[in-house]
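Novice: Pasting a structure below so you can have a look.
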Amino acid sequence: MVSDQRVFHYSLLSLYLIAPMTFIALRFLQAPYGKHHRPGWGPTIYPPLAWFLMESPTIWLTLLLFSFGLNFSNAKSLVLMSPFLFHYFHRTCIYPLRLHRNSVHLNTAHGFPISMAVLAFVFNIWNAYLQARWVSHYKDYENDGWFWWRFFGGLVVFLGGMAMNIWSDGVLVGLKKEGRGGYKVPRGGWFELVSCPNYLGEIVEWLGWAVMTWSWVGLGFFLYTCANLVPRAVANHRWYLEKFGEDYPKGRKAVIPFLY
């Protein structure tokens, strides 16, 4: 019988192996939803439902695995797992509700490809296993004298990124509502610096998580997030430039202010 420790080890190793492959692949091929929708990816479903289903393992699987961890009753373990659950409660429940609330104004005719939702569902099972198992079972809390320093420092970064992410998503949903499903140039706040502050915010969040967990698991998730979102931000930036031409701010970067 394969031990959980071996499964955990190879799952973590796979995360580090798939990150560079994801980055390279997404430089040439974007996931076909949102601005990059295109036919040929099979049947689709209602986008808010897709977001709810594919993100849901980060809630139910995390809670299930956490209850079986050696550190289940450790206060530090409970506190550390909370920001992860906080983010994914928003992504699984609140964000789809916001999309649904504005569905009358949004262009949802294309739907969300089921194939992409299944891939995201599988990744979230994989990642929820790694993050929850590390926090609840494998992390050594007794000998970590810097735990609270790293937790509160990382939490400040995490919450700052989450605020940026939620605000940016709200701006984008609002613009599509105003445009009745069409696209407009987003302006104000972080949009004056980058085309995709929603992605920048999520990257910053998981940087904070990496600091809080101070682990190869947290770092791996941060690197994978970069590998997934940076190429998409670049593709979105290019899309904005092609669609709006001279009307699009030339000094605006894709995802990293002043740099990239």
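Novice: Against the definition (in contact (Cβ under 8 Å) with a residue 40 or more places away in the chain, within 30 Å of residue 167 (Cβ to Cβ) and in contact with a strand residue (DSSP E or B) (Cβ under 9 Å, 6 or more places away or on another chain)), how does residue 61 come out, yes or no? Quick ask: steps written out before the conclusion?
Specialist: Working: in contact (Cβ under 8 Å) with a residue 40 or more places away in the chain: yes; within 30 Å of residue 167 (Cβ to Cβ): yes; in contact with a strand residue (DSSP E or B) (Cβ under 9 Å, 6 or more places away or on another chain): no.
No, not satisfied.
Novice: Among the residues of the stretch 74-97, is there at least one that is among the hydrophobic types (A, V, I, L, M, F, W, C), at pLDDT below 95 and in contact with a Ser or Thr (Cβ under 6 Å, 6 or more places away or on another chain)?
Specialist: No; the residues of the stretch 74-97 include none that is among the hydrophobic types (A, V, I, L, M, F, W, C), at pLDDT below 95 and in contact with a Ser or Thr (Cβ under 6 Å, 6 or more places away or on another chain).
Novice: Being part of a helix (DSSP H, G or I), open to solvent by 30 Å² or more (accessible area, probe 1.4 Å), in contact (Cβ under 8 Å) with a residue 40 or more places away in the chain and among the aromatic types (Phe, Trp, Tyr) is the requirement here; does residue 222 meet it?
Specialist: So residue 222 fails the test.
Novice: Also, quick follow-up: Give just the number: which of (1) in a helix (DSSP H, G or I); (2) of a type in the set (D, E, K, R); (3) within 17 Å of residue 213 (Cβ to Cβ) does residue 140 not satisfy?
Specialist: (1)
Novice: Residues in the stretch 177-188: is at least one under 30 Å from residue 29 (Cβ atoms) and buried (at least 18 other Cβ atoms within 10 Å of the Cβ)?
Specialist: The answer is yes, given that some residue of the stretch 177-188 is under 30 Å from residue 29 (Cβ atoms) and buried (at least 18 other Cβ atoms within 10 Å of the Cβ).
Novice: Does residue 200 meet the test of being assigned to a helix (DSSP H, G or I), out of contact with any helix residue (DSSP H, G or I) (no Cβ under 6 Å at 6 or more places or on another chain), open to solvent by 10 Å² or more (accessible area, probe 1.4 Å) and among the aliphatic types (A, V, I, L, M)?
Specialist: Yes, satisfied.
The values are calculated or read from the model by the stated rules, or taken from the named source; none is laboratory data. On a predicted model such as this, the values are computed, not experimentally measured, just so you know. Cβ: placed from backbone, ideal geometry, glycine included. Neighbour counts: every protein chain shown. Just the protein is used for accessible areas: all its heavy atoms, side chains included, with ligands, DNA and RNA removed. Shrake-Rupley method; radii C 1.70, N 1.55, O 1.52, S 1.80 Å.
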